[in-house]
């Protein structure tokens, strides 16, 4: 089932939607949805040193000034002012991302589509946006005179060496890369992260317990929709909604009569997750309002959301550990907001040239011997020390 969480980070919301397809129907869908969500969340933290809230997301890419020209160099995919991105760079990012998905979710994931858009196409656009963000942030580094230290340059060279040596002959042939290019890619990746850290260095707001308060609840969900073969929601008929409400009422009656709530979850709920810990502003308003108005061990009435009918039981009105973690999230969000204000003003004046013909030809490498997936992990290991 889809979590009642309302606000996903833009790109990942699209990816999660794309995963609702035939391979996730019935029991298979339940398994992969949970696994996919956890893996995507891990990728945001572990792979992208750059915050997902900063830089050029898919929508921001389109808001910059785009000029389609024919004056490109060989294998030049796009140009932002005086800085370029080449086909080998695109393919390194695209291939590593593809293989990470396959390792986590299996090769059948590429059967997925959503509203006519394939997961491959979505990932391709995400890679384009990510590289555009890195290139733009390298230009921003020039504005502030930010450069890499000798140690950081050495780490980039070491990362390039390790990654290049990890490639087999076929991967080197198809990716058309070498240590020199890989070193530059790692340098640009590191410099983009350094720009972000520079701009948010003095942003350390005090967050109170009340602002960050996180509660923990259990809930039963009776859905009011089904999924068709394309993974699209199909609302229940009036009769179907009445039956869903009847089941929710039945579960609520049993809960108020003292039946064990986890047992009722197992019997009635259509959500993979029996419990949620969350702060304010992260869930659907109706669900959140009902949950925050409960006392410990108190059970709500029937709460309607876009997902269906919920019955909520409050487990804790103040989860100290989760509240502390939420404070960190809120601080990071405030930092992203400050960064975005500066970054958006800078990006708005940039000119982009996209080699549309070459970009349209880009796709996954269809070769079973191409399994490389360690580009980002190597960066993390060397630059997080």
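The values are calculated or read from the model by the stated rules, or taken from the named source; none is laboratory data. Because the structure is predicted, anything quoted here is derived from the model rather than measured. Cβ placement follows ideal geometry from the backbone for every residue including glycine, while neighbour counts extend to all protein chains displayed.
Values for this structure:
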quantity	calculated
Whichever residue in segment 146-160 is in a loop (DSSP other than H, G, I, E, B) and touching a residue at least 24 places away in the same chain (Cβ under 8 Å) and, among such residues, is surrounded by the fewest Cβ atoms within 10 Å (Cβ to Cβ)	147
Flag if residue 249 is surrounded by 14 or more Cβ atoms within 10 Å (Cβ to Cβ), out of contact with any helix residue (DSSP H, G or I) (no Cβ under 7 Å at 6 or more places or on another chain), modelled with pLDDT of 95 or more and in the same structural domain as residue 310 (by TED's automatic domain parsing)	yes
All positions within segment 80-123 that are within 30 Å of residue 349 (Cβ to Cβ) and in contact with a strand residue (DSSP E or B) (Cβ under 9 Å, 6 or more places away or on another chain)	80, 81, 84, 85, 86, 87, 89, 90, 121, 122
Entirely in segment 197-270, the strands (runs of 3 or more DSSP E) that have 2 or more residues that are touching a residue at least 24 places away in the same chain (Cβ under 8 Å) and under 15 Å from residue 308 (Cβ atoms)	215-223, 225-227
Members of segment 96-145 that are buried (at least 17 other Cβ atoms within 10 Å of the Cβ) and not in a helix (DSSP H, G or I)	112, 113, 114
Residue 273 vs. criteria assigned by TED's automatic domain parsing to the domain that holds residue 262, touching a helix residue (DSSP H, G or I) at 6+ places or on another chain (Cβ under 8 Å) and surrounded by fewer than 17 Cβ atoms within 10 Å (Cβ to Cβ)	yes
Some residue of segment 333-354 being in contact with a helix residue (DSSP H, G or I) (Cβ under 8 Å, 6 or more places away or on another chain), within 30 Å of residue 242 (Cβ to Cβ) and either outside any helix (DSSP H, G or I) or touching a residue at least 24 places away in the same chain (Cβ under 8 Å) (or both)	no
Matching option when the condition is modelled with pLDDT under 90, more than 20 Å from residue 191 (Cβ to Cβ) and within 25 Å of the chain's Cα centre (by Cα), among 68, 119, 87, 94	119
